[in-house]
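Below you'll find the structure, written out as structure tokens, and then a few comments.
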Amino acid sequence: MEGKKIGIVLDEPAWPDGGDIYFHYVKNVTGRVSKPVPRSHNVISCFGDNKTARENAEWICLSKERKATRKEGQGWFYCDWICPSREKYRSYLLKLIAQTSSEEVEGIHLDCLGFPGEEYCVCEECKRKWRESGLNWVRWRQHVVNEFVAQASDLTDKEFSVTLYPDPFHPERFGLDLDFLSSHVSFFVVPIYDRTYLTLYWVEILANAFKRKLKKPFYIGLYAKEAETGALTKAALLASRYAQGTLLAYDPKKAQEVLKILKRRQSQMEGKM
Ligand SMILES: [Zn+2]
């Protein structure tokens, strides 16, 4: 635990005491955009955007069978996903990144990055751009995401980070190119979410695999809303063995409880040294 950070991810600008690093959503998956939050890593949900999906249905990501939406996604999607090739939407995101970065924020963090699965996106725009690129399908999808990340990172002089899909084995399924991303970010966030954290072996497998794979520091995000404090604390201790730190997401009260326990433990261990 020593030297490991404990952070908090929240939708609203609340500040539970004692965290080492804070993340707040300036744009979340509903499409709501709020004021930049000072001294925090401001999170922008990039291609997950329900409002844009409602207003510009023609920009929604497509597979051969279905749209990447909550309605058609057979329980797989927690939000609606916009096609990463759409220039107008990319410009909107880049403008928001530049605006947010011009404020006194600690960092810019991109969430919902990439394609929502390997069968996406086969919209007319993607098919046309892929044909023109001369690249193979996997490389082309990575190129779409890489180009966006490069543009976004050029727009900020603050700390810059991205969320990865929690698959360390085949990240290319989501258009993610870990080597390229590593060269542009200060750190990664890997959400390993569960409702209970009653079994932890799979958290350990994923954390270990990411540690071996990533060339930059990473934080493991834990979903704090539903798990018992004890189980969540155990998961945080386990995650901290592999990552730079742990981020407790979406529940300020629970995050505060776990933070207290972990900080007490940290100071006890430091006292023993
Ligand atoms: Zn597309």
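The values are calculated or read from the model by the stated rules, or taken from the named source; none is laboratory data. As the structure is a prediction and not an experimental result, all values here were calculated from the model. A quick note on method: Cβ atoms are made from the backbone with ideal geometry, for glycine too, and the neighbour counts reach across all protein chains shown.
Key figures for this structure:
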read-out	value
Members of region 180-204 that are within 30 Å of Ser102 (Cβ to Cβ), without any contact (Cβ under 8 Å) to a residue 60 or more places away in the chain and not in a strand (DSSP E or B)	Phe180, Leu181, Ser182, Ser183, His184, Val185
Residues satisfying the stated conditions in region 73-94, i.e. in a loop (DSSP other than H, G, I, E, B) and within 15 Å of the ligand (Cβ to nearest atom)	Asp80, Cys83, Pro84, Ser85, Arg86
Meets criteria (more than 13 Å from the ligand (Cβ to nearest atom), crowded, with 18+ Cβ neighbours inside 10 Å and modelled with pLDDT of 95 or more) for Ala98	no
Per-region count, region 246-273, residues farther than 14 Å from Val9 by Cβ and not in a helix (DSSP H, G or I)	1
Enumeration of residues in region 154-181 that are touching a Ser or Thr at 6+ places or on another chain (Cβ under 6 Å) and of a type in the set (S, T, N, Q)	Thr156, Ser161
Qualifying positions in region 61-72 - free of Cβ contacts under 8 Å to residues at least 40 places away in the same chain and either within 16 Å of the ligand (Cβ to nearest atom) or crowded, with 21+ Cβ neighbours inside 10 Å (or both)	Arg66, Lys67, Thr69, Glu72
Criterion violated by Phe77 - all others in (1) in contact (Cβ under 8 Å) with a residue 40 or more places away in the chain; (2) crowded, with 16+ Cβ neighbours inside 10 Å satisfied	(1)
Given (1) surrounded by fewer than 19 Cβ atoms within 10 Å (Cβ to Cβ); (2) in a helix (DSSP H, G or I), index of the condition Val145 fails	(1)
Positions within region 101-126 being within 16 Å of the ligand (Cβ to nearest atom) and part of a loop (DSSP other than H, G, I, E, B), in sequence order	Cys112, Leu113, Gly114, Phe115, Pro116, Gly117, Glu118, Glu119, Tyr120, Cys121, Val122, Cys123
Residue count, region 219-244 (criterion: touching a residue at least 40 places away in the same chain (Cβ under 8 Å) and assigned to a strand (DSSP E or B))	2
Failed item in (1) under 13 Å from Lys27 (Cβ atoms); (2) surrounded by fewer than 15 Cβ atoms within 10 Å (Cβ to Cβ), with Ile44 passing the rest	(2)
Those residues of region 127-146 which are within 14 Å of the ligand (Cβ to nearest atom) and not polar (S, T, N, Q), in sequence order	Lys127, Arg128, Lys129, Trp130, Arg131, Glu132, Trp137, Trp140, Arg141, His143, Val144, Val145
